[in-house]
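See below for the structure under consideration.
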Amino acid sequence: MRIVVVGGGMAGTIFANNVARRLASELRAGKARITMLTASDKHVYQPGWLYVAMGRMTPDELEREQASLLDPAIALHVDPVRTFALADRHVVTASGRTHEYDLLVIATGSRPVPEEIPGLKEAAIHCYSAEDALHFYDRLADFTGGRILITVGLPHKCPMIPLEITFAMHDFLHDKGLSDKTEFYYTYPIGRAHSLENVARWASPEFERLGIRQETFFNLKEVDPANGLARSEEGAEVKFDLLVTVPPHRGQAVIEANKLGANGFIPTDRYSLRMVGEHADSVIVLGDTTNLPISKAGSTAHFEAEAAAENVAALVKTGRAVRQYDGKVFCFIEAGKDRATYAMFDYTHPPQPKAPNAAMHAFKMAYNKLYWASARGLL
Amino acid sequence: MAETTLVDARGSFCPGPLMELITTLKRAQVGDVLELLSSDAGSAKDVPEWVRKVGHVLERTERDPAGVWHLFVRKEK
Ligand SMILES: Cc1cc2nc3c(=O)[nH]c(=O)nc-3n(C[C@H](O)[C@H](O)[C@H](O)COP(=O)(O)OP(=O)(O)OC[C@H]3O[C@@H](n4cnc5c(N)ncnc54)[C@H](O)[C@@H]3O)c2cc1C
């Protein structure tokens, strides 16, 4: 079986390494072949950008050579896909090479598009790239007081970032002695402080305790950068001195250009992770690229990749898939500079977050390093 | 031509049905109708509340025998 994996991020890398391990003898015997096509020779641990924005990590700590993470049996080409010819079972890359497959795995991720809301890109800071996270720290370090408005666009990757960035900034400015001069104004798109009801039930009183103002049902419509004013679809107008945003996202442009899914998200079966429609037998979709109504998170990508890898290996060996993805997601929630909690849930079980503590924060800091073992398939 | 788009948010705790609806509605055309599927009883309350606030129209709400809510929302602006 010729397996082509498009995208060398969290989902693609974990999937490819997991399959390579399971099919080691088939790969040696030439009965299976794994090719990875990706857009960068570097693999970036994106969750680290939150710490870059707070001046606690630097971007170089969050990068590894993609080749160093992959099982040697995987053929890696840093050559992004431009054309998906699903009917003919091949893809064409930027360099013009054609790769034929029996099974295609699409895991190209998602990207922030702040430019879709008028005025947002000019006015706001965010932490959705290394460069933006560095710029975030510049603005935060120079902040001398005033109102910090936090706005949340939809959809976005990492559902905990709105809370985490607010708690993190709170502690940062508290340590600088700026608490008295700073007003936090947290907004959220629906009628509570977080999408997960139990998380909102914990976060709202925590915000109150810290003096953080909350406005719910706030979906940003436009920003007037010159006057420091944000307007919501719901009719609210809020002044700000510093605008912090979780920008809305799209899938990659190449997905839209090839008409694989609206806004770059591919219709995907929630259990089998197969692309919905006529190409279901030859296309699997993983990670942020799916249109599934679950969190766009590294843990989602990880659990999906494991389920898919087990199925693909079983298909090669026995001709039958063996597992369904159950919607499992696990998210750490940093609740400040030195305490954290977590939310774990699936399609049928809501999360039951506990009170934040120092041990969970230490675990998250350790995971930030352990990630590399996880990407290699060792964890 | 206005279209009816299905937003299947069954089993979605995060982002959840209302956030799925807002996401899809934002990029839909004025006049489009979205049919939101939700297994969360809370949707029968928070979806109408948001739709009213923003000025879209909730055309109708049904609950099927499996207990799934179907909320039909028309984009007004
Ligand atoms: C600030 C921040 C904090 C986060 N914190 C957390 C957290 O605490 N916990 C958590 O679980 N998640 C977190 N996430 C989310 C997590 O990083 C993503 O959900 C995860 O990376 C998604 O994995 P993916 O494989 O779908 O996409 P990505 O990891 O983004 O990988 C996409 C890959 O596709 C490649 N690619 C793109 N275009 C092409 C093309 N045309 N052809 C071939 N390859 C292509 C790219 O080079 C890349 O290798 C965070 C994200 C951010 C930005």
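Kindly provide the set of residues from region A:151-196 that are free of Cβ contacts under 8 Å to residues at least 60 places away in the same chain and within 11 Å of chain B (Cβ to nearest Cβ), ordered by number.
Across region A:151-196, the qualifying residues are A:TYR188, A:PRO189, A:ILE190, A:GLY191, A:ARG192, A:HIS194, A:SER195.
For region A:308-325, which positions are within 21 Å of the chain's Cα centre (by Cα) and within 14 Å of chain B (Cβ to nearest Cβ)?
Matches in region A:308-325: A:TYR325 only.
Where in region A:253-368 are there strands (runs of 3 or more DSSP E), lying fully within it, with 1 or more residues that are at negative phi and acidic (Asp, Glu)?
Details: elements: A:283-285, A:329-334, A:340-345.
Of the strands (runs of 3 or more DSSP E) lying wholly inside region A:253-368, those with at least 1 residues that are at negative phi and acidic (Asp, Glu) span A:329-334.
Determine the pairs where a residue that is under 24 Å from B:PRO17 (Cα atoms) and within 12 Å of another protein chain (Cβ to nearest Cβ), located within region A:332-356, has a partner that is aromatic (Phe, Trp, Tyr) and in a loop (DSSP other than H, G, I, E, B) with Cβ atoms under 8 Å apart, the partner being 6 or more residues away or on another chain.
Cβ pairs passing all conditions: A:PHE345/B:PHE13; A:PRO350/B:PHE13; A:PRO351/B:PHE13.
Of all residues in region A:105-136, count the ones that are under 30 Å from A:ARG274 (Cβ atoms) and of a type in the set (Phe, Trp, Tyr). So that I can check it myself, show each step before the final result.
Narrowing region A:105-136 to residues under 30 Å from A:ARG274 (Cβ atoms): A:105-113, A:116, A:128.
When the remaining residues are screened for being of a type in the set (Phe, Trp, Tyr), the result is A:128.
So the answer is 1.
Quick check: anything in region B:35-43 farther than 21 Å from A:LYS221 by Cα and assigned to a helix (DSSP H, G or I)? Even if it seems obvious, please write down each step before you answer.
First, pick out the residues of region B:35-43 that are farther than 21 Å from A:LYS221 by Cα: B:35-43.
Remaining after also requiring assigned to a helix (DSSP H, G or I): B:43.
Yes, the conditions are met somewhere in region B:35-43.
Evaluate the following for A:ASP269: is it within 11 Å of the ligand (Cβ to nearest atom), closer than 24 Å to B:THR24 by Cα and within 14 Å of chain B (Cβ to nearest Cβ)?
Taking the combined requirement at face value, the residue does not satisfy it.
Looking at (1) away from the ligand (no atom under 12 Å from the Cβ); (2) within 14 Å of chain B (Cβ to nearest Cβ); (3) more than 20 Å from A:ILE3 (Cα to Cα), which one does A:ILE212 not meet, given that it meets all the others?
With (1) away from the ligand (no atom under 12 Å from the Cβ); (2) within 14 Å of chain B (Cβ to nearest Cβ); (3) more than 20 Å from A:ILE3 (Cα to Cα) applied to A:ILE212, the lone miss is (2).
Return the only residue of A:LYS328, A:LYS296 being of a type in the set (Lys, Arg), within 14 Å of chain B (Cβ to nearest Cβ) and more than 25 Å from A:ARG21 (Cα to Cα).
A:LYS296
Output the number of residues of region B:8-33 satisfying the condition of being assigned to a strand (DSSP E or B) and buried (at least 21 other Cβ atoms within 10 Å of the Cβ).
Residues flagged as assigned to a strand (DSSP E or B) and buried (at least 21 other Cβ atoms within 10 Å of the Cβ) within region B:8-33 amount to 1.
Could you list, in sequence order, the residues of region A:228-252 that are within 14 Å of another protein chain (Cβ to nearest Cβ) and in a strand (DSSP E or B)?
Hits for region A:228-252 are A:ARG231, A:SER232, A:VAL246, A:HIS249, A:ARG250, A:GLY251.
Each row is one residue, and each column tells you yes or no for (1) within 29 Å of A:CYS331 (Cα to Cα); (2) within 10 Å of chain A (Cβ to nearest Cβ).
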position: B:LEU18; (1), (2): yes, yes
position: B:GLY31; (1), (2): no, no
position: B:LEU37; (1), (2): yes, yes
position: B:PRO48; (1), (2): no, no
position: B:GLU59; (1), (2): no, no
position: B:ARG63; (1), (2): no, no
position: B:GLY67; (1), (2): yes, no
position: B:PHE72; (1), (2): no, no
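Can you find, within region A:164-217, the residue that is surrounded by the most Cβ atoms within 10 Å (Cβ to Cβ) among those that are more than 21 Å from A:ALA340 (Cβ to Cβ) and within 22 Å of the chain's Cα centre (by Cα)?
The extreme case among them is A:PRO189.
Which of the residues spanning region A:58-86 are without any contact (Cβ under 8 Å) to a residue 40 or more places away in the chain and either of a type in the set (Phe, Trp, Tyr) or not in a strand (DSSP E or B) (or both)?
Passing the criteria: A:THR58, A:ASP60, A:GLU61, A:ALA67, A:SER68, A:PRO72.
I'm told A:VAL283 meets every condition in (1) surrounded by fewer than 16 Cβ atoms within 10 Å (Cβ to Cβ); (2) over 23 Å from A:PHE207 (Cβ atoms) except one. Can you identify the failing condition by its number?
(1) is the only condition that A:VAL283 fails.
What tally of residues in region A:37-65 results from selecting those that are surrounded by fewer than 19 Cβ atoms within 10 Å (Cβ to Cβ) and more than 9 Å from the ligand (Cβ to nearest atom)?
11
Condition (residue is buried (at least 21 other Cβ atoms within 10 Å of the Cβ), within 15 Å of the ligand (Cβ to nearest atom) and under 17 Å from B:ALA9 (Cα atoms)) applied to region A:342-349: is it met by at least one residue?
Scanning region A:342-349 turns up at least one residue that is buried (at least 21 other Cβ atoms within 10 Å of the Cβ), within 15 Å of the ligand (Cβ to nearest atom) and under 17 Å from B:ALA9 (Cα atoms).
Every read-out reported here was derived from the displayed coordinates using simple, explicitly stated rules and does not represent laboratory data. Note that the structure is predicted; figures quoted are calculated from it, not measured. So basically every Cβ, Gly included, is an ideal-geometry build from the backbone, and we count neighbours across all protein chains shown.
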